[in-house]
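**Student:** Mind having a look at this structure? Questions to follow.
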Amino acid sequence: MNRWIEKQRHLIDFTASSLARRKGKSLGLLVVYTLLVFVLASVSLYTHALRNEATRVLAGTPEVVLQRLIAGRHDLIPPGYIEKIGRVRGVQKIEGRLWGYYYDSVLKANYTFMVPSDRRIAEGEIVVGPALERSRGLAEGNGISFRAYSGELHTFIVSEVLAHESELVNADLVLMSEADFRRFFAYPDGHYTDIALWVANPQEVRNVGLKLINALPDSRPILREEVLRTYASIFDWREGMMLALLSAAILAFGIFAWEKAAGLSAEEKREIGILKAIGWETGDVIAMKFWEGFLVSLLAFLLGYVAAYVHVFHFEFALFAPVLQGWAVLYPSFALTPKIDGLQVATLFVFSVLPYTAATLVPIWRAATTDPDTVMRS
Amino acid sequence: MSRPSDRVLAFTLFAAALFAATFVDAGIRRDAHEPALQRTERLVEDLRLSDLVLFTEARYTRHLSQADLHSAFQDHPVALEHFPSGSLLPPPALLLDRHEPLDREAAPSD
């Protein structure tokens, strides 16, 4: 065993010196390779963490949200609607939700105005999300005016700013009292935006949804499971979009690596010929080249992955975030909880280390099995 | 430490140690984030929230799960969806599940 290890170490010695002789080329390859792994690992770590966070956080959304549609468009829930739902068996709790959008022409962004059901907010006061605090420079005790759709200006005092740690869900919220909400949007009394309801038996949610459609044909129930599925799939889509954009770079690297690994230069061929002439066996030559390919790709994988981890979880995905933010002004700045999928890392390892190592071996095997004299002369 | 192989192996080991450190760091940060995540979960439950704040520019991308089939084309009849975030977010599966097959199966009238 010791003899074997000693032999491999000598081979690595040789490989390292030969790489050091071609310093510029080897370093260039390592840098490009590391960058590619970095980009791929960044995208997959980010989307995986975001998908996990979304699933975890949204597990507490209402079991069913019921909307009313008129001519295919969302409409207000009229008085009497909630009572009708109360008669559907299996429904445990019903609540009318009051929420809407407000377009802020200063920031060119939409806020979500909402009446909270868990807290009382005094009239004339609002609770704002952290993105508003940041982009409009608001703080507790500050006043802010919004122009209602009727044209009047309404002034509110900020009584509280919601926690930064929950920006993923509360960034653009403006919470206000029911009276203020109805006055601001001229919302008719007794009407609601939609209805949140909870079902006694979780197995029955789908049945309750069907019963609701039968009892109220103009309604559209949205189940929690559909919300979760929506968010699980959008991150797959985003990951796919990023990878599609990167595919040109991946392809370019593939060609570069193939060229580097598969096409032996005349100098390398001569080197193999000399090695064989001075007594190296075919196995030794292949092992030496294996170490070259393996060490370069392993190092690129390790360095690229570590850099991606630091980028995603310590620097909030700063390099690619603009791509994902689009034009959304109030895009939240949130720190993701690191959630690493072992399988994902293993896949990345296999796809970054194995192909390159394999690509270096094939031409070497071909050159190493031919007669040294022919190799040197060719 | 003068042999090239020692240097190469030492550097590879160092990189591997950094790799292992990311898992340790992830564990530490996960524990540190846990209370905040729980508070966020509670906020979602208390405020009856249904969506993540990913994009605020259009209502169908702000409340993706609440968007109906027509919300992206609401500006005028036969309007085209034009918000940039629309290209980053696919229509939710629940809309496609119900409407897309119907749309595909329906034969155009002559």
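The values are calculated or read from the model by the stated rules, or taken from the named source; none is laboratory data. All figures in this text were calculated on a predicted structure; none of them were measured in a lab. Because the Cβ atoms are built from the backbone with ideal geometry, glycine has one as well, and the counts that use them run over all protein chains shown.
**Student:** Just to confirm my filter: which helices (runs of 4 or more DSSP H) fall fully inside the range A:1-108 and include at least 3 residues that are surrounded by 20 or more Cβ atoms within 10 Å (Cβ to Cβ)? Let's see the steps before the verdict.
**Tutor:** Values: elements: A:2-21, A:23-57, A:81-86.
Because the criterion is at least 3 residues that are surrounded by 20 or more Cβ atoms within 10 Å (Cβ to Cβ), the helices (runs of 4 or more DSSP H) in the range A:1-108 that meet it are A:2-21, A:23-57.
**Student:** Output the number of residues of the range A:167-205 satisfying the condition of being under 31 Å from the mean Cα position of the chain (by Cα) and without any contact (Cβ under 8 Å) to a residue 40 or more places away in the chain.
**Tutor:** 1
**Student:** Still on this structure: Filter the range B:72-99 down to residues that are part of a helix (DSSP H, G or I) and at the interface with another protein chain (Cβ under 7 Å from one of its Cβ atoms) and give me whichever is surrounded by the fewest Cβ atoms within 10 Å (Cβ to Cβ).
**Tutor:** B:93
**Student:** So, one more: Look at the range A:115-144 and say how many of its residues are surrounded by 22 or more Cβ atoms within 10 Å (Cβ to Cβ) and either at the interface with another protein chain (Cβ under 8 Å from one of its Cβ atoms) or assigned to a loop (DSSP other than H, G, I, E, B) (or both).
**Tutor:** Going through the range A:115-144 one residue at a time, the tally reaches 3.
**Student:** If you don't mind, another one. Checking residue A:278 against (1) surrounded by fewer than 19 Cβ atoms within 10 Å (Cβ to Cβ); (2) under 19 Å from residue A:17 (Cα atoms); (3) among the β-branched types (Val, Ile, Thr); (4) within 14 Å of chain B (Cβ to nearest Cβ), which test does it fail?
**Tutor:** (4)
**Student:** Those residues that are facing chain A (nearest Cβ under 7 Å) and among the small types (Gly, Ala, Ser), I need them from the range B:50-70; list them, please.
**Tutor:** Residues satisfying the conditions are B:50, B:65.
**Student:** When you look at residue A:336, is it within 14 Å of chain B (Cβ to nearest Cβ), over 22 Å from residue A:23 (Cβ atoms) and under 30 Å from the mean Cα position of the chain (by Cα), yes or no?
**Tutor:** When the stated conditions are applied, residue A:336 passes them.
**Student:** So residue A:260 fits all but one of (1) more than 10 Å from every other protein chain (Cβ to nearest Cβ); (2) crowded, with 18+ Cβ neighbours inside 10 Å; (3) at pLDDT 90 or above; what number is the exception?
**Tutor:** For residue A:260, the exception is condition (3).
**Student:** On to the next question. Please determine whether any residue of the range A:173-186 is in the same structural domain as residue A:92 (by TED's automatic domain parsing) and under 16 Å from residue A:67 (Cα atoms).
**Tutor:** Our first condition is that a residue be in the same structural domain as residue A:92 (by TED's automatic domain parsing); within the range A:173-186, this holds for A:173-186.
Pick out the ones that are also under 16 Å from residue A:67 (Cα atoms) and you get none.
No, the range A:173-186 contains no residue that is in the same structural domain as residue A:92 (by TED's automatic domain parsing) and under 16 Å from residue A:67 (Cα atoms).
**Student:** Can residue B:30 be described as within 7 Å of another protein chain (Cβ to nearest Cβ), in a helix (DSSP H, G or I), farther than 23 Å from residue A:62 by Cβ and not aromatic (Phe, Trp, Tyr)?
**Tutor:** In short, yes.
**Student:** Which helices (runs of 4 or more DSSP H) does the range A:170-273 wholly contain that include 1 or more residues that are among the charged types (D, E, K, R) and closer than 30 Å to residue A:158 by Cβ? Working first, answer last.
**Tutor:** Details: elements: A:178-185, A:205-215, A:224-262.
Correct list: A:178-185.
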